[in-house]
1. Is it true that residue 237 is surrounded by 17 or more Cβ atoms within 10 Å (Cβ to Cβ), modelled with pLDDT of 85 or more and under 27 Å from the mean Cα position of the chain (by Cα)?
2. So if I check each of 171, 188, which one is of a type in the set (Val, Ile, Thr) and over 41 Å from the mean Cα position of the chain (by Cα)?
3. Take the residues in the range 264-296 that are out of contact with any strand residue (DSSP E or B) (no Cβ under 8 Å at 6 or more places or on another chain) and farther than 25 Å from residue 308 by Cβ; name whichever of them is surrounded by the fewest Cβ atoms within 10 Å (Cβ to Cβ).
4. Within the range 83-128, work out how many residues are of a type outside the set (A, V, I, L, M, F, W, C) and either surrounded by fewer than 14 Cβ atoms within 10 Å (Cβ to Cβ) or within 14 Å of the chain's Cα centre (by Cα) (or both).
5. Of all residues in the range 374-414, which are surrounded by fewer than 16 Cβ atoms within 10 Å (Cβ to Cβ) and of a type in the set (Gly, Ala, Ser)?
6. Among the listed residues 174, 119, 141, 124, which satisfies the condition of being free of Cβ contacts under 8 Å to residues at least 60 places away in the same chain, within 22 Å of residue 349 (Cα to Cα) and assigned to a loop (DSSP other than H, G, I, E, B)?
7. Could you check the range 87-111 and list, in sequence order, the residues that are part of a loop (DSSP other than H, G, I, E, B) and of a type in the set (D, E, K, R)?
8. Take the conditions assigned to a strand (DSSP E or B) and surrounded by 13 or more Cβ atoms within 10 Å (Cβ to Cβ) and apply them to residue 133. Does it pass?
Amino acid sequence: MSRLLTMLFLLMTLSIAGCGESSGGQNDCANSCSQRACGDDGCGGSCGTCGQGEHCSVEGQCEACSCEGKECGDNGCGVVCGTCPGIAPFCQDGVCSVNCSPLCDGKACGDNGCGGVCGWCETGTQACVSGECICQPNCAGKQCGDDGCGGSCGACDALGACNDGLCEPCTCDGNECGNDGCGQDCGTCPNVAPYCHDNLCSVTCVPQCEAVECGDNGCGGQCGVCISPNDTCVDGDCECQPYCEPGWCSDNGCGEPCELCPSGTTCEWGACEPCSCESKECGDDGCGQDCGECPSVAPYCYDNQCSLTCQPDCEGKLCGDNGCGGLCGSCPGNQDQCINGSCVCQPICAPDSCGDDGCGHPCGECGPDDTCIGNLCVPCTCQDKECGDDGCGNDCGECPAIAPVCFFGQCSVN
């Protein structure tokens, strides 16, 4: 009996210790599932999944998939509710409309629902996934080094060094200074040529700033400085350092909230507060519920109070409505569209076209035997050409000494 009591005591002690460790560890995120049955819990996990024939609403509730009240779009489970006619071709919130309003809330890239885009991802390194720019690791042809997303393509053994993604033997052959790639010193430069550059001693110092935006340039100067007050120079890159106090829900200084507020609350002055219309004459309660309309004698709503005069609201906006019938600014480009207060270039590409889309991105690429002329892919040819190339890098001929200048495929005197 005494042994049984001892074992029970030990189990209780371990359980209490385990609970204490969980509450005091690094993962202190408080999930927001108290009023949610499904979807994201705000801490990288899930509040639950819906059953067959249901979908998870924005509010985190499982709802039956349905086309009721919808003319177009899908029913929430991937079934199309209908297509829009030519006289009202745009599907907006399940209703066909003559005009299209871009749908870019919470999206950094991808289709805006009106034939345009919500934004661009970095070419070659990122892909647009569900409206977010996601870095795509690339280790093609690499044995080691960075994968382009902060990860690794592999590591070399103790006798090898990573050079341009390939593992090479560590050696001091041909090196006057620096190291052999494995940490062994290859030599020290003399006073007459005191600077080590590419493992060779030099009279002058050559700044080392390739692919670097900040930090020491190796010659007593700087490659650059970080402009944002929250940025810190880390290995030559300016990286935003988030700052949050316990319980904060405001911005962490890097464009993300410190903490997501649970359902039924809103972030006010850095703290999660219950949604309420108390002391509010107009606007919403923080959770989308209307607190009232302003009368004609004081028709403008500013900070949830009705006012005689309108206060333009352009904070964080480069363009679009200022809330008072005016504009925060206009977009400069002919192909720019104002989306959520930012100017976003809208590409223009004809079917099967090539060349620039007007936004600095390619419309498409031509095949190996074609070249892009006037935004169209045409076959490479030397027909009617005396000189120059055929558009694919092949030589069409050399000009004679009496007409040595090649001008648009024809030989000329000058």
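1. no
2. From the options 171, 188, the qualifying one is 188.
3. So, considering only residues that are out of contact with any strand residue (DSSP E or B) (no Cβ under 8 Å at 6 or more places or on another chain) and farther than 25 Å from residue 308 by Cβ, the one surrounded by the fewest Cβ atoms within 10 Å (Cβ to Cβ) is 269.
4. Residues in the range 83-128 being of a type outside the set (A, V, I, L, M, F, W, C) and either surrounded by fewer than 14 Cβ atoms within 10 Å (Cβ to Cβ) or within 14 Å of the chain's Cα centre (by Cα) (or both): 17 in total.
5. Residues satisfying the conditions are 374, 393, 397, 401, 403, 412.
6. Testing whether each residue is free of Cβ contacts under 8 Å to residues at least 60 places away in the same chain, within 22 Å of residue 349 (Cα to Cα) and assigned to a loop (DSSP other than H, G, I, E, B) leaves just 124.
7. Answer for the range 87-111, where residues must be part of a loop (DSSP other than H, G, I, E, B) and of a type in the set (D, E, K, R): 93, 105, 107.
8. For residue 133, the condition - assigned to a strand (DSSP E or B) and surrounded by 13 or more Cβ atoms within 10 Å (Cβ to Cβ) - is met.
The values are calculated or read from the model by the stated rules, or taken from the named source; none is laboratory data. No experiment lies behind these values; they were computed from the predicted model shown. We place every Cβ from the backbone using ideal geometry, glycine too, and count neighbours over all the protein chains shown.
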